[in-house]
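Every number in this text was worked out from the coordinates using simple rules, so none of it is lab data. Bear in mind the structure is a predicted one, so any value in this text is a computation, not a measurement. So basically every Cβ, Gly included, is an ideal-geometry build from the backbone, and we count neighbours across all protein chains shown.
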Amino acid sequence: MATATQTLTTPPTTNGATKNGISKSNDPYQAALDSLNRDGFVVLPASLFPTFDLDALRAAASRTTTAARNGSWPYIRTLPKQFPPWPQDPSKGIWGVQHLLHPSNPDHLTFAKSYFDAELLKYVKTLIGCSEEELVMELYNMLVRPDDDFELRWHRDDIPATATADEEMQRLAKPGYHAQWNLALYDDSSLVVIPGSHARARTETERNADPYAPELPDQLVVKLKAGEVAFYNNNILHRGVYDPKKERMTLHGSIGSSRASGERARNVLQHGVGEWVKGYDFSAFDAETARRAEGMREKLVEMGRVSGDVGFYSRDE
Ligand SMILES: O=C(O)CCC(=O)C(=O)O
């Protein structure tokens, strides 16, 4: 029987059967969740998302990246800084473009179609373990080819490197209350993960390693083909290693759940999304997407209202 599970665990994903194992579930959403829980990441083939318009997304991504490089789009990730806040000066080069959904981006609607995509949201709901009514709009950014050699250090997004093993385990035992993904518009091998590390404290080798160690035991380069989506636990031990000569335009999104109380606030709001999201206009969306998006936006606004000043994860790095 040809099942979606087989689609999930058979090429064309290049991280399929051998590394991600085979889920026993015939339900593709549950199979994705099984992989995510076991490995800390899962790669889904482009065929699962037939409504993603790769040509339109590439054209929009290219226009937005050009604006970011020439200084006319101020929301950027600049070299050599890894974490927000980033200065708005692109003269040393950029490695990311922020706030694709900002209403002042002429292409925001094209990006919104992929962010609020009904099929993507089905995966998101299953991976978070929440209902559609609980989904919260968070971030939609883009990771791009840096203009110079650049690497991110090994990190977990929400646990500092100084955490003790007990502190790591306490945080890792809690639900993540969100889903985070990379949607590659071009083939992309920039993300490096240590499968399984989302569920354990660092080993002594990992803890004592150089933050930019080129090789750690069991590391895996996540090789995405254009159109593939990698969901990953943002507290998996991971890093980015970039090739300035290779085109990269990878949409980098996250969506949360209103089941979180304060847990997501700093992670999301440190990127500055709270400053513009109230003015987000859904009038050009089809009615169903507008309804969904409006509900998700309201919950983000509410997160900003109750959390107040959230500070930054690592202001100076
Ligand atoms: O470039 C990537 O895919 C990884 C980005 C990353 O690790 C981060 O933004 O924290």
Computed over the chain, the distribution of all Cα-Cα distances in 10 Å bins, rounded to whole %, is 6, 27, 38, 25, 4, 0
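When a footprinting reagent is the concern and you count Cβ atoms within 10 Å, what order do Thr162, Thr110, Thr66 take, fewest first?
Details: Thr162 6, Thr110 18, Thr66 11.
Going from least to most buried by this count: Thr162, Thr66, Thr110.
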Test of understanding: in a Gaussian network model of the chain with alpha carbons linked when under 10 Å, which of Glu133, Glu298, Glu204 would top the mean-square fluctuation ranking? Glu204
Please identify, among Asp158, Asp188, Asp286, the residue showing maximal mean-square fluctuation in a Gaussian network model of the chain using a 10 angstrom Cα cutoff. Asp286
Check the straight Cα-Cα distances from Lys122 and name the lysines below 20 Å, setting aside those fewer than 8 residues away within the same chain. Lys24, Lys113, Lys299
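In the chain, which helices (entire DSSP H runs) extend 18 Å or more along their own long axis, judged by Cα positions, while averaging at least -0.5 on the Kyte-Doolittle scale? Mind showing how you got there, number by number?
Values: long enough: 54-69 (22 Å, -0.09); 287-307 (30 Å, -0.80).
In the chain, the long hydrophobic H runs are 54-69.
What order do you get for Phe41, Phe285, Phe231 when you list them from fewest to most C-beta neighbours inside 10 Å?
Values: Phe41 27, Phe285 17, Phe231 24.
Listed from fewest to most nearby Cβ atoms, that is Phe285, Phe231, Phe41.
Only four residue types carry charge here, +1 at the Cβ of Lys and Arg and -1 at the Cβ of Asp and Glu. Report the dipole size of the chain about the Cα centre in Debye, rounded to the nearest 20. Intermediate results must be reported in sequence, preceding the final value.
On the way: 36 positive and 43 negative charges, 11 e Å.
Value, rounded to 20: 60 debye.
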In terms of Cα to Cα distance under 16 Å, which lysines are near enough to Lys246, apart from those fewer than 8 places away along the same chain? Lys223, Lys225
Pick out, from Thr66, Ala287, Tyr115, the residue whose Cα sits farthest towards the positive end of the charge dipole of region 41-307, with +1 on the Cβ of Lys and Arg and -1 on the Cβ of Asp and Glu. Thr66
Between Arg291, Arg202, Arg171, which gets the highest mean-square fluctuation from a Gaussian network model of the chain, Cα cutoff 10 Å? Arg291
